[in-house]
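In what follows, a structure is listed as C-alpha cells, so that the remarks can point back to it.
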Amino acid sequence: AKALAKKTAADNEKALQNLRYGMVISSALYVLLRFILPPHKFPPAFWPSVIYLLTAIPTVFLYRYLHSVGTPKRDASGTLISSGDDLNQPGLLDACWDVIYVTWGCQVGSSLFGEWFWWLYLSIPLFGGYKVYTSFISPMLGLRQGHPAAAAADPDTASNGGDATSKRQAKIQKRNEKIQAQQAKSGRR
C-alpha cells in the first residue's frame, strides 16, 4: 500500500507541475501571439481579451481545486502522510482536466486562427449535456440497454426466448445443476 501511495504522490506532483507549465505556456502564447508578434492596433481588440479573461477564471479555479485535492501531504521530515487524490481517476477530476485542455486550446487557437476558435469552447456544455442525457435521462425513460423495454426490442434476446445469459452465467448455472444432481443422487442412497 505504501508503494502505491508513493507512486500516486509522484504522479500527482508530476501532473501538477505539468499543469503549472501548461498554464504559463498557454497564457504566454496568447499574449505573445495576440499582442506582440502580429501587426496590432492599439488598443487591442476588447472582446477577445474579455473572453480570454472570462475563460481564465474557470481554469484558475480548476487549477486550485486540482492542486488542493492532489497535492501530497508530507510531515516536516519529508515522510509521506497522504498521497492526495489520484488525479488520473475518471469522473469529476477527469472532467476538470478536459475543461482545462479545451480552454488552453481555445486560448492559443484564437490567437493563431481568430476569434471564431472560441466556438470550440461550446464543446464543454455540449459534452456535459450528452453525459447527463446518457447517465440520467435515458435510463429514467427506459431508453438504455438492460431495461425491460430495451431487452424486448433486442433481436438477440428475443431469439433466445428472452433468456440472455452470458457464458460465465451459463457455466455457473450448469455447475450448480451438477452439484444439485449429485446431492440428490447421494440423498437417494
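Can you tell me the Rg and the Dmax, both Å, for the Cα atoms in the stretch 1-108?
Using the Cα atoms of the stretch 1-108, the pair Rg, Dmax is 17.4, 59 Å.
So which of Lys131/Lys167; Lys6/Lys73; Lys14/Lys73; Lys7/Lys73 end up more than 22 Å apart by C-alpha?
Working: Lys131/Lys167 31 Å; Lys6/Lys73 11 Å; Lys14/Lys73 15 Å; Lys7/Lys73 14 Å.
The answer is Lys131/Lys167.
Rule-based calculations on the coordinates, nothing more; no lab input. Since the structure is predicted, the reported quantities are computational estimates derived from the model, not experimental observations.
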